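So the structure is just underneath, and the comments pick up after that.
Just so it is clear, none of the values below were taken in a lab; they were calculated from the coordinates. Small disclaimer: the values here were computed from a predicted structure and weren't measured. Backbone-built Cβ (ideal geometry, glycine too); neighbour counts: all protein chains shown.
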Amino acid sequence: MLESKCLPNGFEYIEVTNKAATAKIALQGAHLFSYKPHNKKEVLWLSELSDFEAGKAIRGGIPVCWPWFGMNDNITLPQHGFARTSKFTLTGTDESDPYITKIRLTLTQTQESLKLWKFAFGLELHISISNTLTLELKTTNTDTKPFQITQALHTYFNISDISNIAISGLDTKVYLDALTSKYHTQKGSITFQREIDRVYQGVNKEIQLQDINKTITLQNSGSSSVVIWNPWIQKCARMSAMKKDAYKEFVCIETANAFEDFKLLEPKQSHTLRATFVP
Ligand code: BG6
């Protein structure tokens, strides 16, 4: 079942219920902010202080960072691009299998987007909700000039406590530490005792998020960069729409095309960034 819902302030979202799972997706940003397979815990973290308001990115779930990841060279432009605060259109649904719901949300250039980024584009997010979750973000260059993108599916995972988790699958990978701008090589799995903000490169394997009594597997394609982020105490206290100790409740593992993993698209060319979550 697929229901269109609207908050009193006009903020629209879609609620999905099928035989395998439930999910909620905001039209703004094509932002999935809840995914729960039946008999399992909520997979995504959502800040209880999150705004559901036009023009403000939801804090939690899976923000779509596009057409740039992080800060733009022009620092007056919004961090992580404009897709996460743009209203998408629901352009396709498929409920033919009672265990799988498929949704397609679409964004194209507007007068507003052309002021921030001067290209015509087609952006589609295909979401498949079942006992696993798949997101495919397809960018098509509909302009007459080539363009370059960086991007991420910026997933906030719901965890029991930051001190309980380990992330594996990135052993031996080189990463850029965004806090020091230095490169290092990962040894073993990642655990958290302080702020971590890293871009792993050359990633070509599954990633596992291990928590007490559960493991979530993440399979990425169209991507060789993965961002691992937790703000820890001080940054968390400074962040918008996050309570003081929220850093204990989530970790971000972001399926990305970041930094050297940017994509250059010629006119009519497409690129798809894909993430599958196996809870
Ligand atoms: C991460 C970055 O991807 O996003 C962090 O690596 C950043 O540096 C975080 O703080 C959250 O960004 P924002 O714009 O949603 O507050």
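Take Glu124 and tell me if it is surrounded by fewer than 20 Cβ atoms within 10 Å (Cβ to Cβ), touching an Asp or Glu at 6+ places or on another chain (Cβ under 9 Å) and either under 23 Å from Phe277 (Cα atoms) or in contact (Cβ under 8 Å) with a residue 24 or more places away in the chain (or both).
Values: surrounded by fewer than 20 Cβ atoms within 10 Å (Cβ to Cβ): no; touching an Asp or Glu at 6+ places or on another chain (Cβ under 9 Å): yes; either under 23 Å from Phe277 (Cα atoms) or in contact (Cβ under 8 Å) with a residue 24 or more places away in the chain (or both): yes.
Considered against the rule, which asks whether it is surrounded by fewer than 20 Cβ atoms within 10 Å (Cβ to Cβ), touching an Asp or Glu at 6+ places or on another chain (Cβ under 9 Å) and either under 23 Å from Phe277 (Cα atoms) or in contact (Cβ under 8 Å) with a residue 24 or more places away in the chain (or both), Glu124 comes out as no.
Residues to consider are Ser113, Ser160; find the one that is assigned to a loop (DSSP other than H, G, I, E, B) and either touching a strand residue (DSSP E or B) at 6+ places or on another chain (Cβ under 8 Å) or within 17 Å of Phe88 (Cα to Cα) (or both).
Numbers: Ser113 fails: assigned to a loop (DSSP other than H, G, I, E, B).
One residue alone meets the criteria, Ser160.
Give the residues of region 215-247 that are small (Gly, Ala, Ser) and more than 15 Å from Asp177 (Cβ to Cβ), sorted by residue number.
So in region 215-247, the residues small (Gly, Ala, Ser) come out as 221-225, 237, 240-241, 246.
The answer is Ser221, Gly222, Ser223, Ser224, Ala237, Ser240, Ala241, Ala246.
Would you check if Gln186 is free of Cβ contacts under 8 Å to residues at least 12 places away in the same chain and over 21 Å from the mean Cα position of the chain (by Cα)?
On the way: free of Cβ contacts under 8 Å to residues at least 12 places away in the same chain: no; over 21 Å from the mean Cα position of the chain (by Cα): yes.
Here the answer is no, as Gln186 does not meet what is asked.
As an exercise: evaluate His154 against (1) away from the ligand (no atom under 16 Å from the Cβ); (2) out of contact with any Ser or Thr (no Cβ under 7 Å at 6 or more places or on another chain); (3) touching a residue at least 40 places away in the same chain (Cβ under 8 Å); (4) not in a loop (DSSP other than H, G, I, E, B) and give the number of the one condition it does not meet.
With (1) away from the ligand (no atom under 16 Å from the Cβ); (2) out of contact with any Ser or Thr (no Cβ under 7 Å at 6 or more places or on another chain); (3) touching a residue at least 40 places away in the same chain (Cβ under 8 Å); (4) not in a loop (DSSP other than H, G, I, E, B) applied to His154, the lone miss is (1).
Within the set of pairs 6 or more residues apart or between chains, which connect a residue that is within 16 Å of His154 (Cβ to Cβ) inside region 45-61 to a residue that is within 12 Å of the ligand (Cβ to nearest atom) and hydroxyl-bearing (Ser, Thr, Tyr) with Cβ atoms less than 6 Å apart?
As it stands, the answer is Trp45/Tyr156; Ala57/Thr85; Ile58/Ser50; Arg59/Ser47; Arg59/Ser50; Gly60/Ser47; Gly60/Ser50; Gly60/Tyr156, since those pairs meet every condition given.
Can you tell me which residue is surrounded by the most Cβ atoms within 10 Å (Cβ to Cβ) among those in region 233-279 that are closer than 18 Å to Gln193 by Cβ and touching a Ser or Thr at 6+ places or on another chain (Cβ under 7 Å)?
If we filter region 233-279 for residues that are closer than 18 Å to Gln193 by Cβ, which is where we start, we get 233-237, 245-253.
Pick out the ones that are also touching a Ser or Thr at 6+ places or on another chain (Cβ under 7 Å) and you get 246, 252-253.
Values: Ala246: 20, Cys252: 20, Ile253: 27.
The residue in question is Ile253.
Looking only at region 238-271, filter to residues that are within 13 Å of the ligand (Cβ to nearest atom) and part of a helix (DSSP H, G or I); which one of those is farthest from Lys138 (Cα to Cα)?
That would be Arg238.
Just checking, how many residues over region 184-208 are part of a strand (DSSP E or B), in contact with a Phe, Trp or Tyr (Cβ under 7 Å, 6 or more places away or on another chain) and over 16 Å from Ala256 (Cβ atoms)?
First, the residues of region 184-208 that are part of a strand (DSSP E or B): 184-185, 190, 196-200, 207-208.
From the residues that got through so far, the ones that are in contact with a Phe, Trp or Tyr (Cβ under 7 Å, 6 or more places away or on another chain) too are 184, 196-200.
Among the residues that remain, those that are also over 16 Å from Ala256 (Cβ atoms) are: 184.
Total satisfying the criteria: 1.
Can you spot a residue in region 44-56 that is of a type outside the set (Val, Ile, Thr), in a loop (DSSP other than H, G, I, E, B) and crowded, with 19+ Cβ neighbours inside 10 Å? Steps first, answer last, please.
Taking region 44-56 as the starting set, the residues that turn out to be of a type outside the set (Val, Ile, Thr) are 44-56.
Filter once more, so that each one left must be in a loop (DSSP other than H, G, I, E, B): 45, 47-56.
With the extra rule that they be crowded, with 19+ Cβ neighbours inside 10 Å, the set shrinks to 45, 47.
So far as region 44-56 goes, yes, one or more of its residues are of a type outside the set (Val, Ile, Thr), in a loop (DSSP other than H, G, I, E, B) and crowded, with 19+ Cβ neighbours inside 10 Å.
Which members of region 82-101 meet the condition of being outside any strand (DSSP E or B) and small (Gly, Ala, Ser)? Working first, answer last.
Residues of region 82-101 that are outside any strand (DSSP E or B), as a first pass: 82-86, 88, 98-99.
Of everything in region 82-101, those that are outside any strand (DSSP E or B) and small (Gly, Ala, Ser) turn out to be Ala83, Ser86.
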